[in-house]
């Protein structure tokens, strides 16, 4: 079983302490095993649960975390002069990335064209963003691979990743996905 993000929260220390106590109060009687991950520098914490409990955990947390979905900004973080056709992923959107992405490859997706690196495949990878902290990536298997941090993403399988993680595509292009 894999640990997955059920919720994230950013705020003042008293707000975070209050939310953390509320998570324990909600999860304990429901037998949901969880892990809290604090990021003190950013005044943020994450609630991680096992994949089998993800739906139950998100339902239990509904109402105590912000219900306003956030957008995701795509940032180029490499020496390669890479141009994006657009740079914001909306909540609930699936974005398809490549030199000439064909959005119909994944029904309902939106194409994000990457210009400037010929080693990037026509349809390189897809990203799903729920607007509440869950970000998944899928290598579409047409290029030389997608590397998240130091891990090669499996071809044609969805992989949950952290926002802000470095995603390397082609030979040198690096992107980051940051909540806005």
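The values are calculated or read from the model by the stated rules, or taken from the named source; none is laboratory data. This structure is a prediction, so every number in the text was calculated from the model and none was measured. Note that each Cβ is placed from the backbone with ideal geometry, even for glycine, and that neighbours are counted across all protein chains shown.
A few remarks follow.
- Of 97, 132, all but one fail to be in a strand (DSSP E or B) and either in contact (Cβ under 8 Å) with a residue 60 or more places away in the chain or not assigned by TED's automatic domain parsing to the domain that holds residue 163 (or both); the exception is 97.
- Scanning the range 71-91 for residues that are part of a strand (DSSP E or B) and touching a residue at least 40 places away in the same chain (Cβ under 8 Å), we see that the one that is nearest to residue 174 (Cα to Cα) is 76.
- Residue in the range 45-58 that is in contact with a strand residue (DSSP E or B) (Cβ under 6 Å, 6 or more places away or on another chain) and without any contact (Cβ under 8 Å) to a residue 40 or more places away in the chain present: yes
- Selection from the range 11-37 of residues that are under 24 Å from residue 159 (Cβ atoms) and outside any loop (DSSP other than H, G, I, E, B): 34, 35, 36, 37
- Selection within the range 59-91 - out of contact with any strand residue (DSSP E or B) (no Cβ under 6 Å at 6 or more places or on another chain) and modelled with pLDDT under 85: 59, 60, 62, 63, 64, 66, 67, 68, 69, 79, 81
- The residues in the range 145-158 that are surrounded by 14 or more Cβ atoms within 10 Å (Cβ to Cβ) and outside any strand (DSSP E or B) can be counted, and the count is 3.
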